[in-house]
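These notes concern the structure reproduced below.
We did not get these values from a lab; they are worked out from the coordinates using the rules stated. Not measured: the values here are computed from a predicted model. Positions of Cβ are generated from backbone atoms using ideal geometry, with glycine treated the same way; all protein chains shown enter the neighbour counts.
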Amino acid sequence: MDLMARVTAVVGGVMVMLQRVGAPRTQAVGTKPVIPSARKQGIMTLKMPTAKGWASGQLPKTAPGLKVNAFASGLDHPRWIEVLPNGDVLVAEAKEQPNPPKTLMDRATQATMRRARAIGVSANRISLWRDADGDGVAERREVFLEGQNQPFGMALVNGTFYVGNTDGIVAFPYEEGETRLNGPGRKLVEFKPGGHWTRSLIVSPDQSKLYAGVGSLSNIGDQGMQAEEGRAAIWELDLASGAARIFASGLRNPVGMAWEPVTGALWTVVNERDGLGDETPPDYLTSVEEDGFYGWPYCYWGGTVDDRVAQDPQMVSRAITPDYALGGHTASLGLCWMPAGTLPGFSEGMVIGQHGSWNRSVLSGYRLIFVPFENGRPAGPPQDILWGFLSEDEKFSYGRPVGVAIGPDKASLLMADDVGNVIWRITGV
């Protein structure tokens, strides 16, 4: 650990102790969360466990009736998963690449993030994993695509493979069974890179459109709203015409997306702003309305104004209240729809990979959860699927959940763990 990391750990420890005084003990979760009043932090709470990884034989903990095994291991910061129709599993391996620090806070943040293995040299590739014998462990590994710019989201439509790089969407021709793609690809849409750098992708049910999540550059428009133009939004790309537009906005960092089959609505998980307290505001799961505005940066959870931001009352009046709170700073990233019967003991609903954030005095997230749905809506408290990624004293992380997907057999879940460098497979016992 370098000197800055040591200093940050000491100062951060003091700030965490101060922030714990009066910190809420109940998570802001559900359709009607109790959200504490904003408690400005001044110097933001900066708490991140040191990345340790998994010891030999050590596994995450599972809900009763489930078991977990490593489907693939030895990856380099796996973030996102795409399962192809032939059963091949693609994994985007990428990492945040920091800009030169401008302030002491930048240096402190980067030192902490390096200790957590959250930033550094990015592999910038997509790997392919094949489990030909169906035993739940991939025995073949190939480099499917390399030389990308922080690849994240992936999608396959009618023989074209799409990649969500941090600076835009790129398309490549693909034939079933191929294990490697070559060439530069065709750039279809350009996005401003960096900041919240992930670019998740999802195809519309009729395969005519592609949707991309593009996060904000900063916490609350710290560099002005011009720098945020085109960001904090979900984009829609018409695959026939190539026309792209903002589908919904005011979403600080929309990452995972999923289609809910009863109503046909698009849903997303969003990481909310920092600096207002452990549970304020909560990250959330929400349906996404066309041309809808969800508040960022002016307000949160509907019309709760953030007075740190130069206000726009008209935008505040438009803000849509999200559907379901997921707790403050859980860093909910992964999202997929899970049909009933996929895992024993679980109905239909949304599976969410909670990566865990640094802006809390008591850590939260670091687990894979399930939100049950009925008639197209959330219908009950979240249920744990997988946990045990964090040491009890919160000093070390063995892993951190990110992307999730239904396995090729339709009777398992796959989850990317970017600290453990593993793709976990969850099934019934």
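Here are some notes:
- Under 23 Å from the Cα of residue 410 - lysines, other chains or at least 8 residues apart: 61, 67
- Computed from point charges on the beta carbon alone (+1 for Lys and Arg, -1 for Asp and Glu), the dipole magnitude for the chain about its Cα centre is near 1320 Debye.
- Between the stretch 25-99 and the stretch 212-274, the C-alpha centres lie 20 angstrom from each other.
- Under the Karplus curve 6.51 cos²θ - 1.76 cosθ + 1.60, θ = phi - 60°, whole-Hz ³J(HN,Hα) for the stretch 414-429, x wherever Gly or Pro sits: 10, 9, 7, 10, 8, 9, x, 6, 10, 9, 8, 10, 10, 9, x, 5
- Candidate aspartates and glutamates for bridging to residue 192, where Cα separation is under 13 Å - those fewer than 8 sequence places away on the same chain excluded: 167, 228, 229
- Compactness relative to 2.2 N^0.38 Å, alpha carbon Rg of the chain: 0.92
- Projecting the Cα atoms of 349, 27, 208 onto the charge dipole of the chain (Cβ charges, centred on the Cα centre) puts 27 farthest toward the positive pole.
- Beta bridges by DSSP in the chain, antiparallel share as percent, to the nearest 5: 95
- Relative to one another, the C-alpha centroids of the stretch 169-208 and the stretch 360-393 are positioned 30 Å apart.
- Placing +1 on the Cβ of every Lys and Arg and -1 on the Cβ of every Asp and Glu, with nothing else charged, gives the stretch 199-296 a dipole about its Cα centre of roughly 280 debye.
- Ranked list, fewest to most other Cβ atoms within 10 Å of each Cβ, for 174, 366: 174, 366
- Amide proton proximity set for residue 367, modelled H, under 5 Å, gap of 5+: 354
- Under 5 Å, built H, 5+ apart or other chain: amide partners of residue 324: 285
- Using the Karplus relation 6.51 cos²θ - 1.76 cosθ + 1.60 with θ = phi - 60°, the per-residue 3J(HN,Hα) values for the stretch 291-296 come to 6, x, 10, 10, x, 5 Hz, with x marking Gly and Pro.
- Relative contact order, whole percent, for the chain stands at 19, derived from Cα pairs under 8 Å and 6 or more residues apart.
- Tensor-based shape of the stretch 33-135 (alpha-carbon gyration tensor, a/c under 1.5 rounded, otherwise prolate or oblate): prolate
- Neighbour-count order for 329, 77, fewest beta carbons within 10 angstrom listed first: 77, 329
- In order along the stretch 204-219, the phi-based Karplus estimate (6.51 cos²θ - 1.76 cosθ + 1.60, θ = phi - 60°) of 3J(HN,Hα) comes to 5, x, 8, 6, 9, 9, 10, 10, 10, x, 10, x, 6, 6, 9, 5 Hz; Gly and Pro are listed as x.
- Cα pair distances of the stretch 83-174 binned at 10 Å [whole percent]: 15, 36, 28, 15, 5, 0
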